Amino acid sequence: MTIYKYDISMTYIYNNAPITFKAENFHNLLIDYDYDDKNMPVMYATVTIDKNVLDDMVINSTKKYVVLTVKKYVGESSTALRDYYIHDEFMYFLPKSINADRNVDYNATNTNDVVNKTITMGFISLKIMNNNKQLINDIFVDTNVTGMICKYASNMNLLLEPPAHNEKKNRFIIPPLSSFTEFVSYINNKIGLYNTNYRLFYDFDKTYLISSSGNIVKSKSDKADTIILGIKDTNKEESKVQGMELVNGSYSINIDMDDVSVFTNEVNTLQFNSLIGINSDGKFKKVDLSDERIDNKEKFNIVRYTTDTLNNVDISKSNIEGNTDSVNIVKSDLDGSVFTINKEYKIMNYYKLDYLTGNYMLKRKREIYTSYGNKFTLSTMLSLNKIKS
């Protein structure tokens, strides 16, 4: 098994010179990837900073930025080769008050001393923000959805799952929109991208636009497309094995049963077994729903859409039928960059939890980096939804 450790640093321009905050300044770093409810990672760090520098950061919070770097390496050696995981310019957010005790902290007898303060900072990638902000107003002629999207994603490293509804449009008008996010939402509302909810997520190295079906969407940068999570008996030595390994084209990770929490959907969400969608032109589409919790007598629900497409009926069907078990897993010493939404996830269970065996979709990833001396350890929290077979 391969065990990963991390270096974290942050650079800021102060008095026209760069200053770097290293491991001794960082207490922890949290990166939250909420793939269903957010479009980009949310980052927070607890950092100890000289109060003079902190005042400058507060005053210039709308003008300056920081460069945040996370490097990963294998094992415990201080000389191990470091690979960049995150290296980007970030807008930062921090408490707005400046140092009210400056005359006490820096009086005539201690003007050269460094007086520190520990704060919590938030970060947003400048590259992600700038790539997303676009003025889009266009008329497409004889163009399919893929062509429309790729035209305005040329400034991104886009990983696109082929749209399910990709026929050419003779004429398709895009009203003035202010971002790529709004652009994708508009196309989805008018045409429909997939038969499940689309997922648009701006990660640090690429932008993902994929469905919620759990399909593999291959990326040239990935060494493997499958992640196998084997849940082991907590009394067995194999459950304590840290790290991960690449075996036969898949990542394999052992999980202690005590590090798994299961949330079972027990709510009867269905009071009907068919869904009828009606569009703005009065056309309709009917889909049948599968659920063993209601009888076979036909019961239907009518949904009206303000657009001309009826593709969203299939999305509604997928959402209604998709209320399945979800699993939270915690594991240390992993390569956090491996866990992305374009991969497939397979849970292989210890026999007492065999009912969880199956394919899953990554719903959320949280990375918690904790400082230990001059290095950081990573605890990865994965939230996975079971894919209904």
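The values are calculated or read from the model by the stated rules, or taken from the named source; none is laboratory data. Being a predicted model, the structure only gives us computed values, none of them experimental. With ideal geometry, Cβ positions are generated from the backbone for all residues, glycine too; neighbour counts draw on all protein chains shown.
List of remarks:
- Within region 335-389, the set of residues being within 19 Å of Asn28 (Cβ to Cβ), more than 22 Å from the chain's Cα centre (by Cα) and polar (S, T, N, Q) comprises Ser371, Asn374.
- Members of region 243-265 that are in contact (Cβ under 8 Å) with a residue 40 or more places away in the chain, out of contact with any Asp or Glu (no Cβ under 8 Å at 6 or more places or on another chain) and not in a strand (DSSP E or B): Asp259
- Filtering Tyr33, Tyr44, Tyr12 for residues that are part of a strand (DSSP E or B), of a type in the set (Ser, Thr, Tyr), in contact with a Pro (Cβ under 6 Å, 6 or more places away or on another chain) and modelled with pLDDT of 95 or more leaves a single hit, Tyr33.
- Failed item, numbered, when Ser332 is tested on (1) surrounded by fewer than 16 Cβ atoms within 10 Å (Cβ to Cβ); (2) closer than 30 Å to Phe172 by Cβ; (3) at pLDDT 85 or above: (2)
- Residues in region 41-83 that are over 17 Å from Met121 (Cα atoms), surrounded by 14 or more Cβ atoms within 10 Å (Cβ to Cβ) and under 23 Å from the mean Cα position of the chain (by Cα): Lys71, Lys72, Tyr73.
- Residue count for region 184-195, restricted to those that are surrounded by fewer than 21 Cβ atoms within 10 Å (Cβ to Cβ) and under 19 Å from Lys363 (Cβ atoms): 1
- Of the listed requirements (1) in contact (Cβ under 8 Å) with a residue 40 or more places away in the chain; (2) in a strand (DSSP E or B); (3) more than 28 Å from Phe201 (Cα to Cα); (4) not small (Gly, Ala, Ser), Val58 misses just one: (2).
- Considered as a group, the residues in region 154-174 that are among the aliphatic types (A, V, I, L, M) and in contact with a strand residue (DSSP E or B) (Cβ under 7 Å, 6 or more places away or on another chain) include one that is surrounded by the fewest Cβ atoms within 10 Å (Cβ to Cβ), and that residue is Ile173.
- Top-ranked residue of region 213-237 - restricted to ones that are assigned to a strand (DSSP E or B) and among the β-branched types (Val, Ile, Thr), ranked as surrounded by the most Cβ atoms within 10 Å (Cβ to Cβ): Ile231
- Residue under evaluation Ser371, criteria (1) part of a strand (DSSP E or B); (2) buried (at least 21 other Cβ atoms within 10 Å of the Cβ), criterion not met: (2)
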